[in-house]
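Written below as C-alpha cells is the structure these notes are about.
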Amino acid sequence: MTVAIDRATGRRRGDRAPRPGLGRRLRHGYQKHWYAYAMIAPVAVVLGVLVLYPLVYGLYLTLTDANSLNTARTIGVNHIDATYKFIGLGNYQDILFGPTSYDRFWSHFIWTIVWTALCVALHYTIGLALALLLDQKLRGRTFYRLILILPWAVPTFVTVFGWRFMLADGGIINAALHALHLPEPSWLEDTFWQRFAAIMVNTWCGVPFMMVSLLGGLQSIDGTLYEAAEMDGASAWQRFRYVTLPGLRSVSSTVVLLGIIWTFNQFAVIFLLFGTTAPDAQILVTWAYYLGFGQQPRDFAQSAAYGILLLAILIVFTSFYRRWLNRNEQQLAI
C-alpha cells in the first residue's frame, strides 16, 4: 500500500487542512457577511443600551445596600457622592430567608402563582370557547369578531381606568347590585375582592388575544379531518377531543407560554387598579416597584433583587415547560 505525499507541503493526500485560527475566522466572517453585521449593528446597540446595560447594572445593585439615602445625587448646586456598600448575596438571603421573608416575598410569590394560573386558565378557556363560536358560519360574524377584539385594541390604561370607575363604591356595578338587593362588595378595599377584581379585569383584557390566536389555529386545521370523523360516527365531543385539541397543540403551547410570561409580569392592571394602596393584592413585579419607588427610603437594591429573582423564575419555568412539550411531542410521535 502506497501513500501519496505532496512534496511541496509534506502532507499526505486526503489529510484535512489545519483549522484556521480564531482571528482569521472572524476576519473571514466579517469580510463575507459585513452587510449583515452592518444591518444588525443598530439593533444590537439599542438592545445593549436599553436591555443589557440596565440588566447588568441592576445585577450589580443587588449586591449592594443601595437606597435613596446613600446613592449619588445632586441637590441644587451640591453633589453628594454615593456611600452604599457591597454586601454580596445579603439581599437575596434577606428576601428568601429573612425574618420578614414571608410577608415581603413568599406571600406575594404565592399570590402571583395563583393569579397567573387563574388568569391564564380563564384566558384560554374563554378564548377557546369564543374562537369555536366565531369559527362557525354565523350571520354578522365579522361584526362579532370586531366587538370581541375591542378590549385588546383599546389601550390598557383606558380599560383599567374604566373598570376602576365602575368598581368604585358609587360605580355602576355596585349601583346595579344595590338595585337587585344584592351585597355590594368593597372591590377596591377588601383583600379578597381586590384580588377578584384584578383577575376579572385582567381576564377582560387578555381574552381577545387568546381568542384571535386560537381562531387562527382553528382555521388552519384541515376540514377533511372533521368529515372523516363524522363518517366514523364521532360525536361533537369526540371531534373536539381528537381533532380540534391535537390540531391546536402547537398554537396552544405558544400562546399559553406567552400568556404565563405576560401575566406573571402584568404590571399595568394591578398598578392602575390599586396603585400602592393594596399591599395584599400586589404581585411580585408591582411589589418590586413599591420597594423601589413607592416608599421612603427607596430600596433600590432589594427592588433590583426582586427583578433578578423574577427573571430567574421565568427562565427556569420556560426551560422546564419547553422540555415538557418536547417530551410530549416525542411520545406522540412514537
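Just a few scattered comments:
- Residue in region 260-280 that is outside any helix (DSSP H, G or I), under 22 Å from Ile110 (Cβ atoms), touching a His at 6+ places or on another chain (Cβ under 8 Å) and among the aliphatic types (A, V, I, L, M) present: no
- Taken over region 288-308, the criterion of being open to solvent by 30 Å² or more (accessible area, probe 1.4 Å) and assigned to a helix (DSSP H, G or I) is satisfied by Tyr289, Tyr290, Phe293, Phe300, Gly307, Ile308.
- Test: residue in region 133-142 that is under 18 Å from Ile313 (Cβ atoms), surrounded by fewer than 16 Cβ atoms within 10 Å (Cβ to Cβ) and free of Cβ contacts under 8 Å to residues at least 40 places away in the same chain: no
- Meets criteria (surrounded by fewer than 21 Cβ atoms within 10 Å (Cβ to Cβ) and in contact with a helix residue (DSSP H, G or I) (Cβ under 7 Å, 6 or more places away or on another chain)) for Val269: no
- One residue stands out among those in region 143-162 that are open to solvent by less than 60 Å² (accessible area, probe 1.4 Å) and without any contact (Cβ under 8 Å) to a residue 24 or more places away in the chain: the one that is nearest to Pro208 (Cα to Cα), which is Val154.
- Residue, nearest to Val154 (Cα to Cα), within region 205-241, restricted to residues that are outside any helix (DSSP H, G or I) and aliphatic (A, V, I, L, M): Ile221
- Flag if Trp106 is without any contact (Cβ under 8 Å) to a residue 12 or more places away in the chain and closer than 26 Å to Phe264 by Cα: yes
- Region 221-255 - residue that is over 30 Å from Gly307 (Cβ atoms) and polar (S, T, N, Q) and, of those, least open to solvent (accessible area, probe 1.4 Å): Thr244
- Residue match in region 77-93 (condition: surrounded by 12 or more Cβ atoms within 10 Å (Cβ to Cβ), over 18 Å from Ser303 (Cβ atoms) and among the polar types (S, T, N, Q)): no
- Filter pass, Thr2 being open to solvent by 90 Å² or more (accessible area, probe 1.4 Å), more than 37 Å from the chain's Cα centre (by Cα), at pLDDT below 80 and β-branched (Val, Ile, Thr): yes
- If you filter region 67-76 down to residues that are within 16 Å of Ser303 (Cα to Cα) and of a type in the set (Ser, Thr, Tyr), you find that the one that is nearest to the chain's Cα centre (by Cα) is Ser68.
- Yes/no for Ala121 being of a type outside the set (Asp, Glu) and farther than 28 Å from Ala281 by Cα: no
- Conditions (1) open to solvent by 70 Å² or more (accessible area, probe 1.4 Å); (2) under 32 Å from the mean Cα position of the chain (by Cα); (3) free of Cβ contacts under 8 Å to residues at least 12 places away in the same chain: number failed by Leu258: (1)
The values are calculated or read from the model by the stated rules, or taken from the named source; none is laboratory data. Given the structure is predicted, the values throughout are model-derived calculations rather than measurements. All Cβ positions, glycine included, derive from the backbone under ideal geometry; neighbour counts span all protein chains shown. With ligands, DNA and RNA removed, areas are computed over all heavy atoms of the protein, side chains included. Shrake-Rupley method; radii C 1.70, N 1.55, O 1.52, S 1.80 Å.
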